[in-house]
Amino acid sequence: MKTVRYLLITALVMIGIIWLNTQKEPQDKFAQRDYADILSSKVLRAVTEYNSISYHVDGDTIKGFDYEILQTFAHEKGMKLEITPEMSFEKRLKGVCEGRYDLLATGTTITTTSKDSLLFTRPILLNKQVLIQRKPKEENDSSYIKGQLELAHKTLYVTKNSPALLRIHNLIEEIADTIYIREVELYGTEQLISMVAAGDIDYAVCDEYIARAFAQNYTNLDINTDIGFTQFYAWGIGKHAPILRDSLNSWLQDYQKSNSYKKLYKKYF
């Protein structure tokens, strides 16, 4: 069955999220905190996306590029890291702004719009949005997109409230034609990639680093058409916590020069 693979992936993601959430004690009350409050509590609360790059379960081990960096920071500062996986970008953003989480620890595009809601750390990654599509079946396959102008009248699938939406809307203006957008709430980025591979949808848009890490499992996928230009990706922090942002930036400036960081980067990218 064509949908079996991405349904299985969805099930594994949900099992992982449920398992991770059972490892934490429930918290009912939250308040906006800055660095002094966080240090005093000895608990750093973060939210991230569950995917093969940021944060995931591998057997009985938690892994992820963003997770491992933040775990190192928390350990060096004498804090326990409490991290929550959340597939919805809207819920991640709301949780950080209202104080449920201290930071959004997954690569988020730094744009003028996102700066209205969040403070950002120094860049964690350089990244861009790419088109996920199937490789052409024949030389003149009309469904295969070679350039951005060919996106006119095509339907692109993205996760609900994805930062990619801003880039797609700008692209609509640039090509002066219609591009149809379908926002998907139930599935994450990796599930959309699986849906393209299975033939259930034709096109999706996602971050290049997730596409390259996950699409290698599917020999029929092409991720070589850029949707946007290279941008800075960083962690997001609530406007109420400028000292937390400054403290993270100071630590990251040194950590990103270390051999430990270079080994971690090579491990995931």
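The values are calculated or read from the model by the stated rules, or taken from the named source; none is laboratory data. Computed from a prediction, not measured in an experiment: that's the story for all the values here. Heads up, the Cβs are rebuilt from the backbone with ideal geometry, glycines too, and the neighbour counts pull from every protein chain shown. Calculation scope for accessible area: heavy atoms of the full protein, side chains included, ligands and nucleic acids excluded. Shrake-Rupley method; radii C 1.70, N 1.55, O 1.52, S 1.80 Å.
See the values below:
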{"quantity": "Most mobile listed residue (N51, N127, N140) in the chain, GNM with C-alpha springs under 10 Å", "calculated": "N140"}
{"quantity": "Helix-only mean residue ellipticity at 222 nm for the chain, each DSSP H run of n ≥ 4 adding -39500 (n - 2.57), per residue, nearest 500", "calculated": "-12000 deg cm²/dmol"}
{"quantity": "GNM result for the chain, Cα springs below 10 Å: residue of Q253, Q133, Q191 fluctuating most strongly", "calculated": "Q253"}
{"quantity": "Accessible area of the chain belonging to carbon and sulfur atoms, whole % at 1.4 Å probe", "calculated": "50 percent"}
{"quantity": "Among A215, V47, F89 the positive-end extreme of the charge dipole of the chain (Cβ point charges)", "calculated": "V47"}
{"quantity": "Cα-projected label distance for S88 with Q256, points at 7 Å along beta-carbon direction, nm", "calculated": "3.2 nm"}
{"quantity": "Candidates per trypsin sites (Lys or Arg not before Pro) in segment 58-163, loop by DSSP, up to 11 other Cβ within 10 Å", "calculated": "K137, K146"}
{"quantity": "Expected-Rg normalisation [2.2 N^0.38 Å, Cα atoms] applied to segment 93-198", "calculated": "1.25"}
{"quantity": "Tensor-based shape of segment 222-264 (alpha-carbon gyration tensor, a/c under 1.5 rounded, otherwise prolate or oblate)", "calculated": "oblate"}
{"quantity": "Per residue accessible area of the chain, 1.4 Å probe, in Å²", "calculated": "51 Å²"}
{"quantity": "Per-q log10 I(q)/I(0), the chain, q = 0.14 Å⁻¹ (Debye; single scatterer per alpha-carbon; no solvent)", "calculated": "-1.00"}
{"quantity": "About the Cα centre, charge dipole magnitude for segment 45-118 (Lys/Arg +1, Asp/Glu -1 at Cβ), debye", "calculated": "200 debye"}
{"quantity": "Approximate spin-label separation K239-E150, in nm, with each point projected 7 Å along Cα-to-Cβ", "calculated": "4.3 nm"}
{"quantity": "Contact order normalised by residue count of the chain, Cα under 8 Å, 6+ apart, percent", "calculated": "27 percent"}
{"quantity": "Hydrodynamic radius by Kirkwood, which averages 1/r over all alpha carbon pairs of segment 159-269, in angstrom", "calculated": "16.9 Å"}
